[in-house]
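Asks: After the structure tokens below, expect a handful of questions from me.
What follows is calculated from the coordinates using simple rules that are stated; it is not laboratory data. Because the structure is predicted, anything quoted here is derived from the model rather than measured. No Cβ is skipped: glycine too gets one built from the backbone with ideal geometry, and neighbour counts run over all protein chains shown.
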Amino acid sequence: MRFYTQRGITLIELMVAVAIVGILGSIALPAYRDYVTRGRIPQATNNLATLRVQLEQFFQDNRTYVGACVANTVAPLPVNDDFEYSCPTLTANTFVARATGRGPMTGFTYEITEAPVRRTTAAPSGWGTVPVDCWITKKGGSC
């Protein structure tokens, strides 16, 4: 009697391996996407904090916030690929600086005022209830 040794893998074994890889991928991909998103949020919050300091310096020099947030001042708007920065409110005594997400960060909007009040005015679904007086940095609304 002759015995044959099995070489290779069977179709069932291959299908089980593909199913396992698919399940792991379906779990890992959303977690990785959220990880990358969380890594991009500090760009906005750091730039807004820096802009606030620059706006305060502009105020000390000019006794008004009007005229800030433009190039060639001590408080120019930051340039960033993931967020667009603006100053929708500039009065003699108050300001609001805003970072609006674009590209992969679409849906996020962060603000800071002279008070300083840090506010998240928009966030994608699952990132928390907005508006909230803090900068949401983690899914679920953690600040």
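Asks: How far apart, in nm, are the 7 Å Cα→Cβ label points at residue 57 and residue 93?
Replies: For residue 57 paired with residue 93, the spin-label model returns 2.6 nm.
Asks: Angle between the Cα long axis of helix 11-62 and the longest principal axis of the chain, 0 to 90 degrees, nearest 10?
Replies: 10 degrees
Asks: Which order do the peptides 128-134, 27-33, 95-101 come out in when sorted by mean C-beta neighbours inside 10 angstrom, highest first?
Replies: 95-101, 128-134, 27-33
Asks: Let me ask you something else. Kindly rank 12-21, 112-121, 65-74, 41-50 from highest to lowest mean number of other beta carbons found within 10 Å of each residue.
Replies: 41-50, 112-121, 65-74, 12-21
Asks: Okay, next question. Which option, (1) 37, 16, 14; (2) 23, 20, 17; (3) 52, 15, 10, is the value of semi-axes √(5λ) of the Cα gyration tensor in Å that was calculated from these coordinates?
Replies: Of the labelled values, this structure produces (3).
Asks: Given points 7 Å out from each Cα along the Cα-Cβ axis, report the residue 132 to residue 35 separation in nanometres with one decimal.
Replies: Label-label distance for residue 132 and residue 35, simple model: 2.3 nm.
Asks: What is the extension gain from residue 125 to residue 16, computed as 0.36 nm multiplied by their sequence separation minus the C-alpha to C-alpha distance, in nm to one decimal?
Replies: This chain segment gains 35.8 nm when fully extended.
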